[in-house]
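Reading through the structure tokens given below for one structure.
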Amino acid sequence: MRAASFVFCLAIGLTATPAFADNHEPAAHGDSHGHGDSHGHGDSHGHGIGDLNWFQGMISESSDPHATPTFWIRPKGMPVPLGAQFFNTGLLLLLLLKLGKQPLVDGLKKRKADIMGGMEDAAKMKSEAEAQLEKYEAKLAHVDDEIERVRKEMKEAAESERVRIVKDAEARRERLENDAKLVIQQELKAAREQVLANTSKAALAAAEQLLTKQLSEADHQRLVDDYLAGLGSSVNAKGGRA
């Protein structure tokens, strides 16, 4: 940053020197040709290539307008030598190249790297896009096969689901049949026991009625007497033992 500022100030100083010298040139020219109008030269007077100042006064300008010009000093009002201007310009270009070469090279390298990186990214994106395109084109080329595959998978899945549902229904029916058989067996057992109990009661009642009808009055009296005789024998036996 300091080097760039120094070069900038130097460039302003070097470019301002010829301009400052040119401001004195009309006065010097007027002094040296002050009688131009009286001699008939006027504005038509000019300078050729031989009148140009090439190397006189390369270092400084004298305060005396009549001083003898040399390589180092020029009289007051003499234009800045072209050699000094060329030297200043060359020095300025040399400084610019010396101080600005590396940043310029670095900037160009960075720019090149950015461009190469962008090209690589673009190439990568292009490759990915081409791969995706090929993938989609392959799918489109086999779309009928894909549809058939999906249809087959759906059919197989539906068949598997149907088989599962049928198996579940059969298992549920078998459980219901077993439960129904168990309930029927229990109800049959209970009914059989009830029928057996009712039958026994009916048989006893019928036997009792039959016996009652078949016994005569004498048989009834005989049974009563036998019962009483047996009862008396028991009482006597118990009294003797006492």
Lysine pairs in region 142-215 8 or more apart or on different chains: how many have alpha carbons under 27 angstrom apart? 6
With the Cα gyration tensor of region 142-215 giving a ≥ b ≥ c as the square roots of its eigenvalues, does the rule (a/c under 1.5 for rounded; else a/b larger than b/c for prolate; else oblate) give rounded, prolate or oblate? prolate
Where does the charge balance sit around Asp168 when Lys and Arg score +1, Asp and Glu -1, over other residues with C-beta under 12 Å from its C-beta? +3
Computed ³J(HN,Hα) along region 146-161: with the Karplus parameters 6.51/-1.76/1.60, θ = phi - 60°, integer Hz and x for glycine or proline, the list is 5, 5, 5, 5, 4, 5, 5, 4, 5, 5, 4, 5, 5, 5, 4, 5
One finds the C-alpha centres of region 146-162 and region 163-216 to be spaced, in Å, by 52 Å
Using each residue's phi in region 69-84, evaluate 6.51 cos²θ - 1.76 cosθ + 1.60 at θ = phi - 60° and report the 3J(HN,Hα) Karplus result to the nearest Hz, with x for Gly and Pro. x, 10, 5, 8, 10, 10, x, 5, x, 6, x, 5, x, 5, x, 5
Per the 1/(1 + (r/R0)^6) rule, R0 = 30 Å and r from the Cβ atoms of Gln209 and Ala229, FRET efficiency to 0.05 is 0.60
So what's the net charge close to Leu92: Lys and Arg +1, Asp and Glu -1, counting the other residues with Cβ under 15 Å from its Cβ? +2
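Laboratory data are not the source of any read-out in this text; all were calculated from the coordinates shown. What you see is a predicted model, and the numbers here were worked out from it, not measured in a lab. So basically every Cβ, Gly included, is an ideal-geometry build from the backbone, and we count neighbours across all protein chains shown.
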